[in-house]
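Peer 1: If you scroll down you'll find the structure; I have some questions about it.
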Amino acid sequence: MPTTYNYKRYKMSEYDLSSFDGPKAGEPAANFTVRTPEGREVSLDDYKGRWVVLETGSITCSMYVKNVKGFARLKDKYPDVEFLLVYVREAHPGSRLGPHESDEQKLQLAAEMMEIYKDPRTVLVDDLQGTMHHQYGTLPNMIYVINPDGKVIYRCDWSFPKNVEKVLRNRDRLHTQEHIQIITAAPWIMFPVVLRGGWDAVWDLLAALPMITWAHIKFDLSRLKARLSGPKKEDQGPQAA
């Protein structure tokens, strides 16, 4: 099991794919307080009354980077929705960009991340201990859609703009499919992003790929087995008030 939140080198053992803590579809979204890159405190409750799409990511997370352009398009298409990106721990730290060591450094890196990836969303910064990240599941690239009453209507362990758009087109329903079968981002995205951590970060990822692949396959098979042995679980009907 992980010994520290801001791990120095990536290992598959840092993540448990079968564990997705945090509020589920139909449950209230837990409030949290984070900061803007300038250091101003912001709480999720500040967005009550508006639709919110909340994603997690970091400079070295290729799964986040693959989404930036897609969410930029959704932001233009759905101006009534607040699109938020919460900067959590580095997914693939290394000798070039290691684990966050201070709040000040993390705030500065969040500003750099916005510039590096040209992310037009509101970028918010979790604290050094990952308080928000622990509340919502600690996976590197989670996505939540929260309605104006503060209820989660969709969450998923991996974020894809096309799936979020399907949810935004059908906002009167709970969307309970919270897992996507995925191994990594495309290589032409993955390697340049992980290299920002350093060549050792790339090596750590390559060394872990067999374990990553097996962990994903094992988890997908366990879910398939559970689905086949139990009642079919589909998106539910209209939300409760």
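Peer 1: Can you find even one residue in segment 63-80 that is in contact with a strand residue (DSSP E or B) (Cβ under 7 Å, 6 or more places away or on another chain), surrounded by 17 or more Cβ atoms within 10 Å (Cβ to Cβ) and of a type in the set (Lys, Arg)?
Peer 2: Among the residues of segment 63-80, at least one is in contact with a strand residue (DSSP E or B) (Cβ under 7 Å, 6 or more places away or on another chain), surrounded by 17 or more Cβ atoms within 10 Å (Cβ to Cβ) and of a type in the set (Lys, Arg), which makes the answer yes.
Peer 1: Which one is surrounded by the fewest Cβ atoms within 10 Å (Cβ to Cβ), of the residues in segment 192-213 that are more than 14 Å from ARG96 (Cα to Cα) and not aliphatic (A, V, I, L, M)?
Peer 2: My answer is PRO210.
Peer 1: I've got another one for you. Between a first residue in segment 168-183 that is charged (D, E, K, R) and a second residue that is outside any loop (DSSP other than H, G, I, E, B), which pairs have beta carbons less than 8 Å apart while being 6 or more apart in sequence or on different chains?
Peer 2: These pairs meet every condition: ARG171/TRP51; ARG171/ILE153; ASP172/PRO238; ARG173/ILE153; ARG173/PRO238; GLU178/TYR154; GLU178/ARG155; GLU178/CYS156.
Peer 1: Kindly indicate which of PRO23, PRO37 is in contact (Cβ under 8 Å) with a residue 40 or more places away in the chain and farther than 29 Å from ALA186 by Cβ.
Peer 2: Working: PRO37 fails: farther than 29 Å from ALA186 by Cβ.
Of PRO23, PRO37, the one residue that is in contact (Cβ under 8 Å) with a residue 40 or more places away in the chain and farther than 29 Å from ALA186 by Cβ is PRO23.
Peer 1: Of the residues ILE116, ILE153, only one is surrounded by fewer than 23 Cβ atoms within 10 Å (Cβ to Cβ), in contact (Cβ under 8 Å) with a residue 12 or more places away in the chain and out of contact with any Ser or Thr (no Cβ under 7 Å at 6 or more places or on another chain); which?
Peer 2: ILE116
Peer 1: Could you say which residue among PHE71, PHE83 is without any contact (Cβ under 8 Å) to a residue 40 or more places away in the chain, among the hydrophobic types (A, V, I, L, M, F, W, C) and under 16 Å from TYR144 (Cα atoms)? Steps first, answer last, please.
Peer 2: Working: PHE71 fails: without any contact (Cβ under 8 Å) to a residue 40 or more places away in the chain.
The unique qualifying residue is PHE83.
Peer 1: Could you list all residues from segment 124-146 that are in a strand (DSSP E or B), out of contact with any Gly (no Cβ under 9 Å at 6 or more places or on another chain) and under 16 Å from ASP45 (Cα atoms)?
Peer 2: Of segment 124-146, the ones in a strand (DSSP E or B) are 124-125, 143-146.
Then keep just the ones that are out of contact with any Gly (no Cβ under 9 Å at 6 or more places or on another chain); that gives 124, 143, 145-146.
LEU124, VAL145, ILE146 - these are the residues of segment 124-146 that are in a strand (DSSP E or B), out of contact with any Gly (no Cβ under 9 Å at 6 or more places or on another chain) and under 16 Å from ASP45 (Cα atoms).
Peer 1: Quick check on segment 103-127: of everything there that is out of contact with any Phe, Trp or Tyr (no Cβ under 8 Å at 6 or more places or on another chain) and hydrophobic (A, V, I, L, M, F, W, C), which residue is farthest from ARG196 (Cα to Cα)?
Peer 2: LEU107
Peer 1: I would also like to ask the following. Out of segment 159-173, which residues are surrounded by fewer than 21 Cβ atoms within 10 Å (Cβ to Cβ) and in a loop (DSSP other than H, G, I, E, B)?
Peer 2: Within segment 159-173, PHE160, ASN170, ARG171, ASP172 meet the criteria.
Laboratory data are not the source of any read-out in this text; all were calculated from the coordinates shown. Keep in mind it's a predicted model, so treat the numbers as computed, not measured. So basically every Cβ, Gly included, is an ideal-geometry build from the backbone, and we count neighbours across all protein chains shown.
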